[in-house]
Amino acid sequence: MDKRTFIKTSALAGAGLLAAGQGKASARSFLAMKDLFPDKLVNDQGVYILPPLDYPYNALEPHIDEQTLHIHHDKHHAGYVRGLNKATQALADAVEKEDFALVKHWERQLAFTGAGHFLHSIYWKNMSPHQSTPSGDLKKYITRDFGSLDKLVTYFSAATKSVEGSGWGILAWQPVAGKLVVLQAEKHQNLSQWLSIPILVCDVWEHAYYLKYQNKRAEYIRNFFDVVNWDDVGERLDLLLGRTK
Ligand code: MN
């Protein structure tokens, strides 16, 4: 069973739908996001969890250094996961008690830490020590929507470099028009576009690159593309295309 089939099958089995033999349409609407998202970001109790890296902390050297990966994954990302669980619990308590005095604060925390958790989880998988190039539908849509991979990389790099303050460069699939779009995010959650789903993300918070690159954000972005895992990006797009065509 390949990874993609495994993901789909386990999502269906997890929801008890394979055994129940329910129709595809109802299973699809119920499962959509869980089935689409290839990363396990919650445990069986619905508590958000920090996924481990798929590679050793030094595997992306010299492009992304070992110390940065340790701090970035084990401290920063772990902090977002803790904050997301805390905000989730606080909001559940607020609903239970019908006490919404702090609802604005916790909703802000929910958006900030949730977006931080989800984007970092993609970011780790978007990188690999093994070289790759876009293929299949990913290659087809990059060519159709941007002209070529080189043009996409130039555009994505310019957008990412010019993020004001801390944030992200994002390549996303926009099911509304059936096309790829490049977006910026400030912090984790601002400026993004609803209904577009990230498939390639580049973290440009200083914690992602400052130890090694200091103020040279553009050099970090250039080197990021040397470790991009295009197979992972392509798999994310394939899953989305299977659900939106
Ligand atoms: Mn980060």
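The values are calculated or read from the model by the stated rules, or taken from the named source; none is laboratory data. Quick caveat: nothing in here was measured; it's all calculated off a predicted structure. Heads up, the Cβs are rebuilt from the backbone with ideal geometry, glycines too, and the neighbour counts pull from every protein chain shown. Protein only, heavy atoms only, side chains kept; ligands, DNA and RNA dropped before computing areas. Shrake-Rupley method; radii C 1.70, N 1.55, O 1.52, S 1.80 Å.
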Notebook entry, point to check: So how do 211-220, 91-100 stack up, highest first, on mean other-Cβ count within 10 Å?
Noted result: 211-220, 91-100
Margin query: So if each residue of separation counts as 0.36 nm, and I subtract the Cα-Cα distance between TYR210 and LEU149, what length gain in nm does that give?
Written below: 19.2 nm
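Exceeding 27 Å between C-alpha atoms, which entries from my cross-link table qualify? They are LYS75/LYS151; LYS75/LYS179; LYS75/LYS187; LYS40/LYS216; LYS75/LYS139. Please report the intermediate quantities before stating the final value.
Numbers: LYS75/LYS151 35 Å; LYS75/LYS179 35 Å; LYS75/LYS187 17 Å; LYS40/LYS216 33 Å; LYS75/LYS139 35 Å.
Result: LYS75/LYS151; LYS75/LYS179; LYS40/LYS216; LYS75/LYS139 exceed 27 Å.
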Next item on the list: Please list the radius of gyration and Dmax for the range 136-240, considering alpha-carbon atoms only, with Å as the unit.
Entry: 13.4, 40
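Largest first, what is the accessible-area ranking of LEU239, LEU53 with a 1.4 Å probe?
Details: LEU239 5, LEU53 30 Å².
From most accessible down to least: LEU53, LEU239.
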Next item on the list: In whole angstrom, note down how far apart the Cα centers of the range 63-122 and the range 213-238 are.
Entry: 24
Checklist line | Listed residues VAL227, VAL47, VAL153 arranged by accessible area, highest first, probe 1.4 Å | finding: VAL47, VAL153, VAL227
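Go through LEU84, LEU110 and list them by solvent-accessible area, largest first, probe radius 1.4 Å. If you can, show how the numbers build up before the last one.
On the way: LEU84 5, LEU110 60 Å².
Descending accessible area places them as LEU110, LEU84.
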Next item on the list: Name the residues whose placed amide hydrogens come within less than 5 Å of the amide hydrogen of VAL42, ignoring near sequence neighbours (fewer than 5 apart) on the same chain.
Entry: ILE49
Checklist line | Carbon plus sulfur fraction of accessible area for the range 118-157, probe 1.4 Å, in percent | finding: 55
